[in-house]
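Written below as structure tokens is the structure these notes are about.
Bear in mind that the values in this text are calculations on the coordinates, not laboratory data. Everything numeric here is computed off the predicted structure, so don't read it as measured data. Don't worry about glycine lacking a Cβ; one is built from the backbone with ideal geometry, like all the others, and counts go over all protein chains shown.
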Amino acid sequence: MDIDLNADLGEGFGPWRMGEDEALLEVVSSANIACGFHAGDPVIMNRTVRTAGSKGVDIGAHVGFPDLMGFGRRQMQIDTAELATYVTYQLGALAGMARSAGHRVTHMSFHGALGNMAAADAALAEPLVRAVADFDPDLIISSSASRAIEGAAERCGLRVATTFLADRACDDDGLLVPRKLPDSVIHDPEAVLARVRQLLEDGTVTTYGGKRIPMKARSILVHGDTPGAVALARAVRGVVESAGRVVPISRQLALNP
């Protein structure tokens, strides 16, 4: 079994750093890099792209709301056409950084509140995914389970790689539950590892309500901004390697479209 291991990186701003990006880049096979809207800035983007590329880690654009104060985790009411241009802007910024460093962007993901809203709303997902396709039809969308995003991607001719968020609870439709709910973020490392084993062994996850649902995930995400993230990422990688191989999404889809 081939599984990608990814993390959200480049989420500092100016002199403020968040997470242990350099250490995580020794563990993960792909990186979702903040593009300056919910976090990140040109210097951090450039450094993260170059470090990831030098280690053979896939480079992805992590696209969010223009909300540095709220880290992109607050819902914002923005005209959909305007929001689609924000997607293009962020993709262009990271692609430019990658190109100048001799690398390329292989995938993208929607961050935080923007990702949750698009995953639950087909009318919002459609123009945002279309913006991705218009920018680069070869980009892979890395997304938690979402019929809205998957349907839009199919209509736009884009590939989707379902990503399992190891430390986030989901509902019976596979959508992430709101962070305001108790235990929506799973802090116990053993509980996180148990969820990963369940996914790898029988292709299911247990929802917030206790139901087992199938999930065909190509990737597992560990959050880089939580305490103990590096140790947890190493432990997750160990579980994956006991069952198969850690392989970035782009290589997986090249081998098995």
Protection-proxy order for peptides 153-166, 207-220, each taking the mean of Cβ atoms within 10 Å per residue, highest first: 153-166, 207-220
Beta bridge orientation in the range 2-255: antiparallel %, DSSP, nearest 5: 15 percent
Length-normalised contact order of the chain in % [C-alpha pairs under 8 Å, at least 6 apart]: 23 percent
Percentage of interatomic Cα-Cα distances in the chain larger than 34 Å: 8 percent
Computed E for Asp183/Arg251 - FRET, C-beta separation, R0 22 angstrom, nearest 0.05: 0.05
